[in-house]
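Quick one: the structure is below, and I'll ask about it shortly.
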Amino acid sequence: EALDLQSAGAAYVQVDEPFLSTGMADLNIAHRAMGLINEELQIPLAMHVCGDLSNVFPEILKFPVDILDFEFAGNPINLALLENVDLGGKKIGFGCIDTKTIQVESTEEIYNLISRGMDTIGDKKIIIDPDCGMRMLKRESAMQKLKNMTEAVKWLS
């Protein structure tokens with residue numbers, strides 16, 4: 001599938017691994033699987049991991065991916081895990097809007113979180129995105145969250 005996506009013109013491929021932070025998944029098998037996916041790809045490979053990463057973060061950093069995508073709005077503890085860490089050339093997908101609540105974050109709140117992320121890992125290693133998928137949100141809430149996130153990014157420039 002990843003190679004088909006690449007052939008179709010995808011800029012990158014992201015694999016969602018929502019259970020890696022739970023302690024219920026075998027990290028070694030997941031690591032090998034990501035290696036197999038990335039083996040022939042010529043485009044960046046991203047991996048999204050949901051939740052609090054405290055118990056698995058050092059192992060997750062070793063995965064053979066170009067981008068690690070995490071939740072920071074809904075799991076602010078994850079930001080502290082990035083302090084003084086060598087990312088080994090990886091970029092961070094920086095989830096900055098909480099997709100598990102209908103409450104819409106203000107543009108200022110999102111901007112402040114992104115700014116803390118940039119202060120922690122640098123502006124060249126950060127890719128701004130929502131925490132997770134938005135399928136459980138009402139359309140109005142999801143759209144306003146995305147608009148506020150876009151505005152917050154504009155404030156950065």
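The values are calculated or read from the model by the stated rules, or taken from the named source; none is laboratory data. Just so it is clear, the model here is predicted, and its values are computed rather than measured. Here the Cβ positions follow ideal geometry from the backbone for every residue, glycine too, while neighbour counts run over all protein chains shown. Side chains included, ligands, DNA and RNA excluded: accessible areas come from the protein's heavy atoms. Shrake-Rupley method; radii C 1.70, N 1.55, O 1.52, S 1.80 Å.
Mind checking which residues of the stretch 72-128 are touching a strand residue (DSSP E or B) at 6+ places or on another chain (Cβ under 9 Å) and on the phi > 0 side of the Ramachandran plot?
If the condition is that a residue be touching a strand residue (DSSP E or B) at 6+ places or on another chain (Cβ under 9 Å) and on the phi > 0 side of the Ramachandran plot, then no residue fits.
Still on this structure: How about the stretch 77-99: which of its residues are among the polar types (S, T, N, Q) and open to solvent by less than 40 Å² (accessible area, probe 1.4 Å)?
Those that are among the polar types (S, T, N, Q) and open to solvent by less than 40 Å² (accessible area, probe 1.4 Å): N78, T99.
Can you name the number of the only condition in (1) farther than 25 Å from I37 by Cβ; (2) assigned to a loop (DSSP other than H, G, I, E, B); (3) of a type outside the set (K, R) that S115 fails?
(2)
Taking the stretch 130-146 on its own, how many of its residues are surrounded by fewer than 16 Cβ atoms within 10 Å (Cβ to Cβ) and either free of Cβ contacts under 8 Å to residues at least 12 places away in the same chain or within 18 Å of L82 (Cβ to Cβ) (or both)?
The qualifying residues number 4.
Mind telling me which of the residues I102, I127 ends up being open to solvent by 30 Å² or more (accessible area, probe 1.4 Å), under 25 Å from S21 (Cα atoms) and in a loop (DSSP other than H, G, I, E, B)?
On the way: I127 fails: in a loop (DSSP other than H, G, I, E, B).
Going through I102, I127 in turn, the sole match is I102.
Here's something else I'd like to know. I'm trying to understand the selection: among the residues of the stretch 126-148, which are touching a helix residue (DSSP H, G or I) at 6+ places or on another chain (Cβ under 6 Å) and hydrophobic (A, V, I, L, M, F, W, C)? Lay out the reasoning, then the answer.
Here is the first cut: in the stretch 126-148, the ones touching a helix residue (DSSP H, G or I) at 6+ places or on another chain (Cβ under 6 Å) are 126, 128, 134, 148.
Scanning the stretch 126-148 gives I126, I128, M134.
Take F19 and decide whether it is at pLDDT below 95 and surrounded by 12 or more Cβ atoms within 10 Å (Cβ to Cβ).
On the way: at pLDDT below 95: yes; surrounded by 12 or more Cβ atoms within 10 Å (Cβ to Cβ): yes.
Yes, satisfied.
For the stretch 77-95, how many residues are within 12 Å of the chain's Cα centre (by Cα) and either outside any strand (DSSP E or B) or among the acidic types (D, E) (or both)?
First pass over the stretch 77-95, keeping only residues within 12 Å of the chain's Cα centre (by Cα): 78-79, 90-95.
Remaining after also requiring either outside any strand (DSSP E or B) or among the acidic types (D, E) (or both): 78-79, 90.
Of the residues in the stretch 77-95, 3 are within 12 Å of the chain's Cα centre (by Cα) and either outside any strand (DSSP E or B) or among the acidic types (D, E) (or both).
Related question: Out of everything in the stretch 61-76 that is open to solvent by 50 Å² or more (accessible area, probe 1.4 Å) and without any contact (Cβ under 8 Å) to a residue 40 or more places away in the chain, what residue ends up being farthest from the chain's Cα centre (by Cα)? Show your work before the answer.
At the first step, the residues of the stretch 61-76 found to be open to solvent by 50 Å² or more (accessible area, probe 1.4 Å) are 62, 66, 76.
Then keep just the ones that are without any contact (Cβ under 8 Å) to a residue 40 or more places away in the chain; that gives 62, 76.
Working: K62: 16, P76: 13 Å.
Step by step, filter the stretch 61-76, then rank; the result is K62.
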